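Here the structure comes first, spelled out in structure tokens, and everything after it is commentary.
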Amino acid sequence: MNILGIETSCDETAAAVVKDGREVISNVVYTQIPLHVPYGGVVPEIASRAHVEKISQVIGEAMAHHHVDAVAVTYGPGLPPALIVGLNAAKGLAKALGVPLVGINHIEAHLHTPFLFESSAGGEILPGPEEMTPALGLAISGGHTTWIDMPQYGVYEIIGQTLDDAAGEAFDKAAKLLELGYPGGPKIDKISREYFSSGRYSPSSLIAFPQGRPREGVSQLSGLPAELCVSFSGLKSALLRYVQQNGGAAGLSAAGEISRVVASYQEAIVQVVADRTRRALSRRKYRSLIIGGGVSLNSRLREVLSLVAKSKGVELLMAKPSYCGDNAAMIAGLAFYRTNHVDDAMSLDVCPCLEVGQ
Ligand code: KG4
Ligand code: ZN
């Protein structure tokens with residue numbers, strides 16, 4: 001069964017055709033990042049206009065001459081004016097082709113990415129998703145940092161999350177403060193890697209930034225255990241104070257200190273994510289740890305989480321880099337396992353705050 005996926009929740013216009021939920025037949029991603037760089041972040045109106053301009057071309061390229069049995073689309077969470085473009089295109093196409101439409105949750109789709117493969121790439125193919133549960137999912141991106149219990153494939157329950165910024169946002173905001181450019185995650189990753197492999201690094205050379213653990217019982221936890229939640233606001237304020245006290249970005253740069261500050265900040269985020277993951281893995285017996293989302297590209301996070309998974313005896317499943325960021329192959333892929341969501345899909349509306357497992 002070939003499913004066409006469409007994704008426009010943020011700043012990527014994407015379409016893909018995936019066979020039987022896993023084999024990627026085509027995958028087209030048009031990234032708008034250059035359009036948002038001057039503003040240091042995604043501007044919803046610009047994103048929406050660019051989706052409108054590109055969507056037909058992107059879908060056309062992905063479909064090429066491929067037969068399609070269903071259309072799947074991200075209906076949330078995401079930016080409302082951006083989601084609407086993809087949903088309208090998907091509805092029109094499903095109607096024109098006379099095939100079902102499946103609405104997909106963007107965060108749940110990120111957790112499907114390790115199961116995607118291209119037959120042309122060769123190599124080892126993972127067992128099916130049903131064989132990898134019970135799984136702990138970690139969706140870590142510019143919009144989310146969420147730990148998800150998946151007792152069976154397709155069943156999702158949030159067990160921990162950030163109470164404020166997502167990890168990707170924390171990277172992007174720090175990069176803005178330090179004048180490193182947008183998006184900040186890849187830049188911070190690269191600078192940190194260089195610092196760690198330089199002669200200047202030793203564990204004691206890192207600045208001890210706070211690794212925010214919310215207080216037990218605070219209302220923002222919404223009933224989730226504090227030990228599985230995180231707050232990045234204290235870390236961000238600590239960085240701001242440090243930068244202000246040391247002559248701003250220019251002062252730190254003149255003193256050759258930027259890379260040490262950046263590596264210390266990244267390490268605080270990585271260690272806090274690793275700690276919550278370790279705790280979540282201790283709560284029940286899992287078979288795998290599934291990680292998805294743009295921040296899962298972070299090389300230090302990958303390294304540390306693979307050690308965590310090893311120490312807990314679970315298999316770590318991570319997507320290949322081309323599927324870590326936003327794409328439509330993950331939408332088309334997950335839809336194969338969610339065709340029970342078809343019935344009222346034509347009356348589907350965008351759901352900007354859609355929760356995992358809803
Ligand atoms: O999943 P994604 O493409 O879009 C969202 O759904 O948010 O994630 C984008 C986020 C951005 O915040 C970006 O800075 C971050 O992923 N990111 C990284 C890395 N590559 C992308 N963060 C840390 N290290 C990276 N190598
Ligand atoms: Zn995403």
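The values are calculated or read from the model by the stated rules, or taken from the named source; none is laboratory data. The shown structure was predicted, so the numbers you read here are calculated from the model rather than taken from an experiment. For the accessible areas, the whole protein counts, side chains as well, though only heavy atoms, and no ligand, DNA or RNA atoms are used. Shrake-Rupley method; radii C 1.70, N 1.55, O 1.52, S 1.80 Å.
Taking segment 217-258 on its own, what percent of its Cα-Cα pair distances exceed 11 Å? Numbers along the way, then the final one.
Values: 594 of 861 pairs.
Percentage above 11 Å: 69.
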- Task: Sort 222, 26 by accessible area with a 1.4 Å probe, largest first.
- Result: 222, 26
- Task: Would you work out what percent of the accessible area of segment 1-113, with all protein chains in place, is carbon or sulfur (probe 1.4 Å)?
- Result: 59 percent
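Could you check how many percent of all C-alpha pairs in segment 27-71 are farther apart than 16 Å?
On the way: 464 of 990 pairs.
Across segment 27-71, Cα pairs with separations above 16 Å total 47 percent.
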- Task: Sticking to Cα atoms, compute the Rg of segment 168-274 to one decimal and its Dmax as the biggest Cα-Cα distance, whole number, in Å.
- Result: 14.5, 46
- Of the beta bridges DSSP finds with both residues in the chain, what % are antiparallel, to the nearest 5? 55 percent
- Per residue solvent-accessible surface (Å²) - segment 230-358, probe of 1.4 Å: 41 Å²
- Task: Measure nothing fancy, just the Cα-based angle from helix 44-63's long axis to the longest principal axis of the chain, in degrees from 0 to 90, nearest 10.
- Result: 50 degrees
- Query: Sorted by accessible area (1.4 Å probe), largest first, how do 49, 287, 279 line up?
  - Reply: 49, 287, 279
- Message: Quick check on my link table: of 173/310; 236/320; 54/91; 19/320, which ones sit more than 21 Å apart, alpha carbon to alpha carbon?
- Response: 173/310; 236/320
- Cα Rg, Dmax (largest Cα-Cα span) when computed across the chain, Å: 20.4, 64
- Message: Need the list of aspartates and glutamates near residue 312 for cross-linking: C-alpha distance under 15 angstrom, and skip anything on the same chain fewer than eight residues off.
- Response: 275, 303
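Over segment 1-52, with the other protein chains present, what is the accessible area per residue in square angstrom, probe 1.4 angstrom? Could the numbers behind the result be given before it?
Numbers: 1880 Å² over 52 residues.
About 36 Å² of surface per residue is accessible.
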- Item | 1.4 Å probe accessible area per residue over segment 60-188, in Å² | 36 Å²
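Please report the carbon-and-sulfur percent of the accessible area for segment 227-358; probe 1.4 Å, protein heavy atoms only, DNA, RNA and ligands left out.
Values: 2670 of 5350 Å².
Here it works out to 50 percent.
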- Just the accessible area for residue 346, please: 1.4 Å probe, Å², rounded to the nearest 10? 80 Å²
- For segment 242-337, taking Cα atoms only, what is the radius of gyration to one decimal and the Dmax to the nearest whole Å? 17.6, 54
- Message: Taking only the Cα atoms of segment 45-136, how large is their convex hull per residue, in Å³?
- Response: 140 Å³
- Specify the residue with the greatest mean-square fluctuation among 216, 124, 227, computed from a Gaussian network of the chain linking alpha-carbon atoms under 10 Å apart. 124
- Message: Compute the helix-to-body angle for 258-283: its Cα long axis versus the longest principal axis of the chain, expressed 0 to 90° and rounded to tens.
- Response: 60 degrees
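Taking only the Cα atoms of segment 61-199, how large is their convex hull per residue, in Å³? Could you put the intermediate results ahead of the total?
Values: hull volume 27.6 nm³, N = 139.
Here the figure is 199 Å³ per residue.
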